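Q: Here's a structure for you.
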Amino acid sequence: MQTVQEVSIRPVRQDDIDQISLLEQASFDDPYPSYFLSELARDNPDTFLVLTLNNEIVAYGVVDHWEDHDHLISIAAELEKGISKERPLKLEVRQSNLAALQLYSKRGFTRTGVAEGYYGDGEDAIIMEKRLVKEALIES
């Protein structure tokens with residue numbers, strides 16, 4: 001039997017900083033110190049969000065407002081909690097379609113194989129793939 005757990009996204013609170021700091025330390029080799037995370041929470045109340053699973057913080061993201069742009073400072077998730085999963089996006093392109101091959105390469109796709117005789121006229125297809133993060137329904 002599958003049960004959907006309680007998931008919510010909300011603005012950060014100062015009392016979240018200890019949990020966020022632990023997640024930051026588990027996620028990065030050079031984590032931000034908790035005092036810096038606390039400053040970010042104070043300075044960015046509308047763009048520092050946490051994702052909770054049954055009231056436990058399992059992911060967060062913070063965007064800081066800079067003079068000429070907004071900047072993603074940090075984002076992390078406990079992947080073993082099933083919050084997000086990496087999935088491949090695959091496509092096929094005619095071997096002769098150099099413009100499309102170049103476009104997809106610029107967009108982060110990599111060549112992963114060849115499908116011989118894929119098209120009706122016998123032309124081969126280049127198989128390309130890009131890794132995506134998929135938001136997942138959290139089930140147990």
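Q: Going by what's in this entry, would GLU92 be described as at pLDDT 85 or above and within 30 Å of GLY120 (Cβ to Cβ)?
A: For GLU92, the condition - at pLDDT 85 or above and within 30 Å of GLY120 (Cβ to Cβ) - is met.
Q: Moving to a separate point now. Say we look at the stretch 63-78 and pick out the residues that are assigned to a strand (DSSP E or B) and under 13 Å from the mean Cα position of the chain (by Cα); which of these is farthest from GLU24 (Cα to Cα)?
A: This residue is LEU72.
Q: Name the residue, out of SER27, SER84, that is of a type in the set (Ser, Thr, Tyr), closer than 27 Å to GLU6 by Cβ, at pLDDT 85 or above and surrounded by 15 or more Cβ atoms within 10 Å (Cβ to Cβ).
A: Unique residue meeting the criteria: SER27.
Q: Looking only at the stretch 1-51, how many residues end up being in contact (Cβ under 8 Å) with a residue 12 or more places away in the chain and aromatic (Phe, Trp, Tyr)?
A: So the count comes out to 3.
Q: For SER74, which of the numbered conditions (1) exposed (fewer than 11 other Cβ atoms within 10 Å of the Cβ); (2) at negative phi; (3) polar (S, T, N, Q) fails to hold?
A: The number of the failed condition is (1).
The values are calculated or read from the model by the stated rules, or taken from the named source; none is laboratory data. Bear in mind the structure is a predicted one, so any value in this text is a computation, not a measurement. Note that we place each Cβ from the backbone using ideal geometry, even for glycine, and neighbour counts take in every protein chain shown.
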